[in-house]
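Okay, structure first, notes after.
The values are calculated or read from the model by the stated rules, or taken from the named source; none is laboratory data. This one's a predicted model, so the numbers in the text were calculated from it and none came from an experiment. Cβ atoms come from the backbone with ideal geometry, glycine included; neighbour counts cover every protein chain shown. Only protein heavy atoms, including side chains, enter the accessible area calculation; ligands, DNA and RNA are left aside. Shrake-Rupley method; radii C 1.70, N 1.55, O 1.52, S 1.80 Å.
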Amino acid sequence: MTKKITLAHGAGGKFSADLIQEIILPEFDNEFLNELHDGAKLGKLAMTTDSYVVRPIFFAGGDIGKLSVCGTVNDLAVTGAIPKFLAAAVIIEEGFDFDDLEKIVRSMSAAAKEAGVKIVTGDTKVVGKDQADGIFINTAGIGELIDGVNISAKNVRAGMKILISGTVGDHATTILSARHGLEIPETLKSDCAPLNKMIFEMLEVEKNIAMLRDATRGGVAAVLNEIASAANVGILLEGEKIPVREEVRGVCDILGFDFLELANEGKIIAIVPKNSAEKVLEVMKKNPYGKNSEIIGEVTENFVGKVGLKTKIGGVRIVDMPVGNLVPRIC
């Protein structure tokens, strides 16, 4: 039987990883791509690209336009680069509302201004009715790598601390609720935000940050499993230290979700030397987008390639790489 692509292949978990390893990498094999970071480091520049198909296109805390700019800015920033320029291409379905398109473009403009980047080129295509789902956006970005910074899983060592910039699962829970008409408190919104300025502040106080990733598709679980595998280390999380909103916990309890697998669009994972963890944490907490930051675990020499989580009762459970697709079309 011929294998078919499923929604799970775009979820950022095991199916996505298998797709990349089995089909993409063998054909495109090169030293830049094989780093498998959120962007490629090309001499003094970093480059990234992404596509956005989120449904619904408007949601509490953002829309597909804001998401497309913030996501690309963050992908550049976690490579250790200062984002400079973006390209944007839109695929619009015939019959799409002009007012909605204007809202999306204004949202992209506002997000770009906040991040300090310029949208300098792009493309527009229109497809027939029912040949797309309203609007899809593709972006690409270029940034200037910061001298003396080398963000790579190869630099992760046992004893380093793991930091997160705030509460997990806000974006996925917001999208899920909007999609299915669930009532949630007004305080719960997507965390969609440009994080480049906070990341720059972190790197100013500690250039030897080993690894940075934004925990989007597949959430914290996917990102940390990828890092543990690439760095050939183990990761141990303190369950009680991971910041989670009660509203998100509630949705997870009702639907049987693991908040560690839920997508975020404004949270980063940082792996930093032990002796500078508190200093980096202090800088993060001073930034509006990092006020709920916490140190949530450490890198270990044990259970190499795995992620463990200490529970309330003192045991350790394995946090697996997500396999399925908790919330499809999340970004």
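Tell me whether segment 45-117 comes out rounded, prolate or oblate; compute the Cα gyration tensor, take square roots of the eigenvalues as a ≥ b ≥ c, and use a/c under 1.5 as the rounded threshold. Prolate is the answer for segment 45-117, as a/c is 1.5 or above and a/b outweighs b/c. With the convex hull drawn over the C-alpha atoms of the chain, the volume per residue is 149 Å³.
For segment 1-131, the square roots of the Cα gyration tensor eigenvalues, ordered a ≥ b ≥ c, give a/c of at least 1.5 with a/b no greater than b/c, which places it in the oblate category.
Here's the picture: a label point sits 7 Å out from the Cα of Phe303 along the beta-carbon direction, and within segment 208-228 the residues with their amide nitrogen under 18 Å of it are 220-228. How large, in percent, is the carbon and sulfur part of the accessible surface of segment 1-75 at a probe radius of 1.4 Å? Accessible surface attributable to carbon and sulfur in segment 1-75 totals 62 percent. Judged by the gyration tensor of its Cα atoms, with axes a ≥ b ≥ c, segment 1-43 is oblate; a/c meets the 1.5 cut and b/c is at least as large as a/b.
Annotation for segment 104-159: trypsin sites (Lys or Arg not before Pro) lying in DSSP loop with at most 16 further Cβ atoms inside 10 Å of their Cβ are Lys129, Arg157. Among the GluC sites (Glu not before Pro) in segment 265-331, those located in a DSSP loop and surrounded by at most 15 other Cβ atoms within 10 Å of their own Cβ are Glu301. In summary, the lysines within cross-link reach of Lys129, defined as a Cα separation below 29 angstrom excluding same-chain residues under 8 places away, comprise Lys3, Lys4, Lys66, Lys103.
When the surface is traced with a 1.4 Å probe over the full set of protein chains, Lys291 keeps roughly 130 Å² accessible.
A 1.4 Å probe run over the protein chains yields, for the chain, 48 Å² of accessible area per residue, whole-number rounding. If R0 is taken as 30 Å, the Cβ-Cβ distance between Lys129 and Thr2 corresponds to a FRET efficiency of 0.55. Annotation: peptides 18-25, 88-95, 221-228, ranked by per-residue average of other Cβ atoms within 10 Å with the highest first, follow the order 221-228, 88-95, 18-25. Helical content of the chain, expressed as a calculated mean residue ellipticity at 222 nm, amounts to -8500 deg cm²/dmol (DSSP H runs of 4 or more residues, -39,500 (n - 2.57) each, divided by residue number, nearest 500).
On full extension of the chain, what length is gained from Ala110 through Asp97, given 0.36 nm per residue of separation minus the C-alpha to C-alpha distance?
2.6 nm
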